[in-house]
Ligand SMILES: Nc1nc2c(ncn2[C@@H]2O[C@H](COP(=O)(O)OP(=O)(O)OP(=O)(O)O)[C@@H](O)[C@H]2O)c(=O)[nH]1
Ligand SMILES: [Mg+2]
């Protein structure tokens with residue numbers, strides 16, 4: 001039986017779909033926030049115009065934070081711009097990858113590197129200002145294993161989006177929620193704060209997604225581990241500079257992933 005419970009506030013839902021408000025907290029919350037090390041992981045591909053203002057905004061708005069850019073050898077020279085910043089400011093690090101392999105692969109490399117660098121909290125965000133640097137403080141203020149900046153909880157919004165885009169995003173999210181049973185409202189969002197203890201449990205090297213389906217696969221892994229997940233409202237606006245890397249193939253990967261994670265087949269228990 002599936003327990004229906006809204007997930008606007010912190011709720012734990014384990015692999016058997018049982019709602020539990022406390023149990024996993026003691027296991028997963030072993031690293032607490034306080035003055036912990038926070039690393040903001042930002043994947044970049046052709047974001048030359050955005051990286052500098054993004055780094056400045058992140059470092060200005062959040063204390064005690066480092067930025068790990070993950071660049072896939074961007075043809076526009078983004079990697080060199082980051083290297084120049086990194087040579088002047090030790091809070092900025094660039095992980096260079098040889099070629100474009102998708103957002104998911106870039107994030108996995110970035111998360112593994114951030115853990116190696118000693119991160120207690122890992123923020124993931126886009127480099128195009130759709131995710132607002134000032135909201136990082138709101139994400140890290142929450143006490144949960146995974147905090148999601150959500151367009152679809154009360155107070156969240158997508159200003160400037162045309163009806164068609166709103167519809168596709170909402171319908172896609174609904175489909176994924178129905179297929180997987182996950183009680184997260186913004187299943188495809190990419191602005192999140194992960195607690196180290198949770199990331200260490202997610203078997204990152206075996207994440208299958210190459211592209212944007214990474215978002216739903218990771219949510220699902222966290223949820224099946226019984227993590228505490230909280231959604232807080234954000235306004236998500238369209239990028240001002242540069243171009244979108246989303247393609248039809250990416251949408252198809254997400255649909256395939258929703259089937260792969262389907263609650264209607266082989267609901268696998270995890271310890
Ligand atoms: N390293 C790396 N970064 C990527 C790749 N694909 C996308 N990105 C980055 O991931 C972030 C999100 O990509 P966007 O193209 O903005 O996609 P989106 O924000 O989901 O969609 P839009 O609303 O259309 O902008 C940006 O910072 C991109 O530069 C990739 O293959 N490798
Ligand atoms: Mg974007």
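What order do you get for 83, 71 when you list them from fewest to most C-beta neighbours inside 10 Å?
On the way: 83 15, 71 26.
So the ranking, lowest neighbour count to highest, is 83, 71.
Maximal additional length on extending the residue 205-residue 246 stretch stands at 12.4 nm, based on 0.36 nm per residue less the C-alpha distance.
Within a 10 angstrom radius of the beta carbon, how do 186, 89 rank from fewest other beta carbons to most? Intermediate results must be reported in sequence, preceding the final value.
Working: 186 23, 89 14.
Arranged by neighbour count, lowest to highest, 186, 89 become 89, 186.
In region 11-260, one over the average inverse separation of all distinct C-alpha pairs is 18.2 Å, which is the Kirkwood hydrodynamic radius. With Rh defined as the Kirkwood radius, the inverse of the mean 1/r over Cα pairs, the Rg/Rh of region 164-205 is 1.08. Across all Cα atoms of region 81-192, the radius of gyration (one decimal) and Dmax (whole number) stand at 16.3, 48 Å. Note on region 92-139: along the principal axes its Cα atoms extend 33, 25, 19 Å, ordered by decreasing extent.
Going by Cα centres, region 196-251 and region 109-124 are how many Å apart? Taking the Cα centre of region 109-124 as reference, the centre of region 196-251 is 15 Å away. Site pair residue 238 and residue 89 shows an inter-label distance of 2.9 nm when each label is modelled 7 Å from Cα along Cα→Cβ.
Computed from the C-beta positions of residue 175 and residue 101 and an R0 of 25 Å, the FRET efficiency is 0.45 to the nearest 0.05. Size descriptors for region 134-258: radius of gyration and Dmax over Cα atoms are 14.4, 39 Å.
May I ask what percent, to the nearest 5, of DSSP beta bridges between residues of region 11-260 are antiparallel? Walk me through the intermediate numbers first.
Working: 11 of 33 bridges.
Close to 35 percent.
Footprinting exposure proxy ranking of 97, 221, fewest other C-beta atoms within 10 angstrom first, gives 97, 221.
State the extension gain, in nm to one decimal, for the chain segment bounded by residue 143 and residue 57, taking 0.36 nm per residue of separation less the distance between their alpha-carbons.
Taking residue 143 through residue 57 to full extension adds about 28.6 nm, to one decimal.
Rule-based calculations on the coordinates, nothing more; no lab input. Since we're looking at a predicted model, the values are computed, not measured. Note: ideal-geometry Cβ built from the backbone for every residue, glycine included; neighbour counts use all protein chains shown.
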